[in-house]
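Trainee: Structure incoming, see below.
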Amino acid sequence: MITWIVGLSAAGKTTLGKIVYDMWKKEEPNTVFIDGDIVRSLFDNPGYTVEARRKNADFICKLCKWLDGQNINVVCCILSIFEESRQWNRKNYSKYFEIYVKVPMTVLRKRDKKGLYASKVKNIVGVDIPFNCPRNSDYVFDNSIDNVDFQRVAKDIFSEMQKNV
C-alpha cells in the first residue's frame, strides 16, 4: 500500500508521516519512508519551477510504483501539487491511501521557520505556484491549531488505513 501525505510546506506532513511510518513499520517491516525534500536532495535537484516540480513528482510516483510492485509499503510525504499525479496514483498502485494535511496560509506563514513564505524567492507553492487542494483524499487532517497530538492523529489514520488493506 502507498500512503500519500499531501500538503503545503510547513503543514506537518513529515512530522505526521514519520509517526505513521513508525507505527506501520512495527506491524509490517516491509515499509519505507519517502520525503519529497529528501528525494530531491539525493538526486540531481531538478529545480523548483512548475516543470521541474512535475519531473520530481513523476519520479516519486514511479519510485512508489516500483516499490509497490515489490510488495513494499510506502509512506510518502510530498507537496503533490498535480491532481493528475494523484489520479495516476489511484489507478496504478495496488492500494492507495491519500491524506491531506490542511492548513490555511495565514497559519503556515506564522509557522514558517525557514522564511519560505516571507521570502522574495520565486516558485513557491501556495504563493506564486498554485496549490490545488486534493479533492478526493481518504483522510483530511486539519492541522490549523497549535499543539496537535500527532500521535493520536497518526493512530486514527493508521486505523483508517488498515480498513483499506
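Trainee: Please turn the phi angles of the range 27-39 into ³J(HN,Hα) values with the Karplus equation 6.51 cos²θ - 1.76 cosθ + 1.60 (θ = phi - 60°), one per residue in order, whole Hz, x for glycine and proline.
Mentor: Along the range 27-39, the couplings run 7, 9, x, 7, 10, 10, 10, 10, 10, x, 5, 5, 4 Hz.
Trainee: Another question, if that's okay. May I ask you to derive the FRET efficiency for GLU27 and ASP58 from their Cβ-Cβ distance with R0 = 45 Å, giving the value to the nearest 0.05? Walk me through the numbers on the way to the answer.
Mentor: Numbers: r = 30 Å, r/R0 = 0.67.
The value I calculate is 0.90.
Trainee: Past 22 Å, Cα to Cα: identify those pairs from LYS13/LYS65; LYS62/LYS113; LYS91/LYS122; LYS18/LYS102; LYS18/LYS95, in the order given. Please list the in-between numbers first.
Mentor: Values: LYS13/LYS65 20 Å; LYS62/LYS113 31 Å; LYS91/LYS122 33 Å; LYS18/LYS102 17 Å; LYS18/LYS95 20 Å.
With Cα atoms farther than 22 Å apart: LYS62/LYS113; LYS91/LYS122.
Trainee: For a footprinting-style exposure proxy, rank ARG90, ARG111, ARG40 by other Cβ within 10 Å, fewest first.
Mentor: Numbers: ARG90 13, ARG111 16, ARG40 19.
Fewest-to-most Cβ neighbours within 10 Å comes out as ARG90, ARG111, ARG40.
Trainee: Could you give the length gained on full extension between VAL107 and VAL140, defined as 0.36 nm per residue of separation minus the Cα-Cα distance, in nm?
Mentor: Numbers: separation 33, 0.36 × 33 = 11.88 nm, distance 1.67 nm.
Contour length minus the Cα-Cα distance gives 10.2 nm.
Trainee: Which residues in the range 140-157 have a backbone N closer than 11 Å to a point placed 7 Å from the Cα of THR15 along the Cα-to-Cβ line?
Mentor: 143-151
Trainee: In square nanometres and to one decimal, what's the mean projected area of the convex hull around the Cα atoms of the chain?
Mentor: Working: hull surface 36.6 nm².
Directional mean of the projected Cα hull area for the chain stands at 9.2 nm².
Trainee: List residues of the range 121-150, by number, whose backbone nitrogen lies under 20 Å from a label position 7 Å along Cα→C-beta of GLU160.
Mentor: Backbone N within reach: 132-150.
Trainee: Let me ask something else about it. Can you say what percent of the DSSP beta bridges in the range 2-151, counting only those with both residues inside, are antiparallel? Round to 5.
Mentor: On the way: 0 of 20 bridges.
Counting DSSP beta bridges with both partners in the range 2-151, the antiparallel share is about 0 percent.
We did not get these values from a lab; they are worked out from the coordinates using the rules stated. Quick caveat, the model's predicted, so the values are computed rather than measured. Every residue, glycine among them, receives a Cβ derived from its backbone with ideal geometry; neighbour counts consider all protein chains shown.
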